[in-house]
1. Exactly one of these conditions fails for B:Leu307: (1) crowded, with 23+ Cβ neighbours inside 10 Å; (2) hydrophobic (A, V, I, L, M, F, W, C); (3) at the interface with chain A (Cβ under 9 Å from one of its Cβ atoms). Give me its number.
2. I want to confirm something. Restricting to the stretch B:216-249 and keeping residues that are of a type in the set (Val, Ile, Thr) and more than 29 Å from B:Ala45 (Cβ to Cβ), which single residue is nearest to the other protein chains (Cβ to nearest Cβ)?
3. Sort out which residues of the stretch A:148-167 are in a loop (DSSP other than H, G, I, E, B) and surrounded by fewer than 24 Cβ atoms within 10 Å (Cβ to Cβ), and write them in order of number.
4. Can you pull out the helices (runs of 4 or more DSSP H) entirely within the stretch A:229-308 that have at least 1 residues that are touching a strand residue (DSSP E or B) at 6+ places or on another chain (Cβ under 7 Å) and in contact (Cβ under 8 Å) with a residue 60 or more places away in the chain?
5. Can you report the number of residues in the stretch B:193-208 which are at pLDDT 95 or above and part of a helix (DSSP H, G or I)?
6. Go through the stretch A:17-45 and give me each residue that's in contact with a strand residue (DSSP E or B) (Cβ under 8 Å, 6 or more places away or on another chain), surrounded by fewer than 23 Cβ atoms within 10 Å (Cβ to Cβ) and not in a strand (DSSP E or B).
7. Just checking, which of A:Ala249, A:Ala270, A:Ala262 is modelled with pLDDT of 95 or more and within 11 Å of the chain's Cα centre (by Cα)?
2 protein chains.
Amino acid sequence: MSQLVIVGTVAFDAIETPFGKTDKILGGAATYIGLSASQFNLDSAIVSVVGNDFPQDYLELLSNRNIDISGLEIVKDGKTFFWSGRYHYDMNSRDTLVTELNVLADFNPIVPEAYKNAEVVMLGNLHPLVQLGVLDQMTTKPKLAILDTMDFWMDNALEDLHKVIARIDVLTINDEEARQLTGEYSLVNAAQKIFKLGPQFVVIKKGEHGALLFHKDEIFSAPALPLKSVFDPTGAGDTFAGGFAGFLANSGNYTFENMKTAIIYGSALASFCVEEFGTASLEKVTSEQLNSRLQQFKELTTFNIDLS
Amino acid sequence: MSQLVIVGTVAFDAIETPFGKTDKILGGAATYIGLSASQFNLDSAIVSVVGNDFPQDYLELLSNRNIDISGLEIVKDGKTFFWSGRYHYDMNSRDTLVTELNVLADFNPIVPEAYKNAEVVMLGNLHPLVQLGVLDQMTTKPKLAILDTMDFWMDNALEDLHKVIARIDVLTINDEEARQLTGEYSLVNAAQKIFKLGPQFVVIKKGEHGALLFHKDEIFSAPALPLKSVFDPTGAGDTFAGGFAGFLANSGNYTFENMKTAIIYGSALASFCVEEFGTASLEKVTSEQLNSRLQQFKELTTFNIDLS
């Protein structure tokens, strides 16, 4: 079976939206990526760290979905990474209220022995040196290394970020971050500049406007599903990345054509994620529901044009 | 042959972008709509007004493209509507520097006799009472009436705007304006509210993010073509509307399915419009170039997914 290594945060989140607020709930990039990728028939492992305050229930939630958590270090006298944020009315912007790094401050990732020759590595948003540390532990060069990052690392660890970008195949990044990283306003030009940094594929995430996939001179544009309401956008980008990585790892096909399909799977899974607080909706998606949503994406984008 | 009535401004524009600036050049909503619709084999007529300062060359430019200008009033002692604007670096926002209504201040539209039973009416951005005046002159109810408008009329003539919205089939509007008109942040909810005002179809224009078409519970999402540079966005929305209206009038098919194709044609024509200042690029588009760009839209959006 295909193997997927996931590195990223496993965290407590406390979320406020115009619709309500939560206590500390399960969150973190690796959590969303793992839950999303678990829709596919593959072996995945999360490489991350939590404290001794992390509930057994959450560990079982992950391992019950065939996610290997032997690389999820539990620090005995430590506390789990905690993030709290409040979304504005438009749900596109948010204020961070609390960030407690806790055990994440001294995190040294350890890839489980059984996963050191995994085909696909998904480097979720974390310090670039942690992401590099995972790549360094792989005994076989992965067939596909995907990197997600954010503006924080561009502001605070740009040199390290460049080092890891040089070693990956796919960069996923949002539109404003692509502009910041390259100094190019046009996303076409931004993608071309990113190619020169290393990756052969660039996925630019545009939230409610969908995503663009760039490869050489080819472009694919995927819409987001227009929704009546976005209840909680937390984790949508990670869910997208998890669906993308999971679909590709499961198929073992890393072509541009197949990545288009992977983007639609990622977008469909992200559309579930935003329906409820945290991971609640993602946890219960059935394959029938996923298929039905994929069908919606087909209907949303299909048109007939006679070019003869 | 199908007939299309176009009402809107015919104007002088002076445009500044980060790439340069123009003197007074040909502009106006009806101009862009007419030039765009002239890509299709149909009879169209512009209903508008200019002053005696409007060059003969511009009149010939329109009539040479089979656009009937008998409804384009020339006010002997008047000056043509003039707009000047400066685009910001991102090309998505602009400052209006000058607006001189001139002959537009007292404009009473007169639909040419031969066009009073046209199948399709495209009401370009103008005072809602002018748009209503055109509808009132139609002796046969058009098979399709399309309305374009903007926030200015929501702020200054909302009651009249509601009157004309109640009488049309398709409303084209941008995303922020749809939110303003309905008080709904979700574009799905906004479209549902607009249906209650009259139109059966709503097109929400999202600029570089493409467009959404809503009809009952169906949605179609069209991308914009990702471009290396946008030289001048002036008229892109009108060019889109002209391509949409022209394709539909030419086909005589006003179904949701056919409107999807019309949106792709409109988007393709708009992608030419932004390549040069004003109407320069739109004036010289060949059918081969248009076909090639439609092919790009197909490649941009096509994906394979096996839902069996």
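1. (1)
2. B:Ile219
3. Of everything in the stretch A:148-167, those that are in a loop (DSSP other than H, G, I, E, B) and surrounded by fewer than 24 Cβ atoms within 10 Å (Cβ to Cβ) turn out to be A:Met150, A:Ala157, A:Ala166, A:Arg167.
4. Filter on the stretch A:229-308 gives A:236-251, A:256-273, A:287-301.
5. The qualifying residues number 5.
6. Answer for the stretch A:17-45, where residues must be in contact with a strand residue (DSSP E or B) (Cβ under 8 Å, 6 or more places away or on another chain), surrounded by fewer than 23 Cβ atoms within 10 Å (Cβ to Cβ) and not in a strand (DSSP E or B): A:Pro18, A:Thr22, A:Asp23, A:Lys24, A:Ser38.
7. A:Ala270
This table checks each residue for (1) within 28 Å of A:Ala190 (Cβ to Cβ); (2) touching a Phe, Trp or Tyr at 6+ places or on another chain (Cβ under 9 Å); (3) surrounded by fewer than 19 Cβ atoms within 10 Å (Cβ to Cβ).
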| site | (1), (2), (3) |
| --- | --- |
| B:Gln180 | no, no, yes |
| B:Glu184 | no, no, yes |
| B:Ile194 | no, yes, no |
| B:Val202 | no, yes, no |
| B:Leu212 | yes, yes, no |
| B:Ser229 | yes, yes, yes |
| B:Asn253 | no, no, yes |
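The values are calculated or read from the model by the stated rules, or taken from the named source; none is laboratory data. None of these values were measured; they are calculated from a predicted model. Don't worry about glycine lacking a Cβ; one is built from the backbone with ideal geometry, like all the others, and counts go over all protein chains shown.
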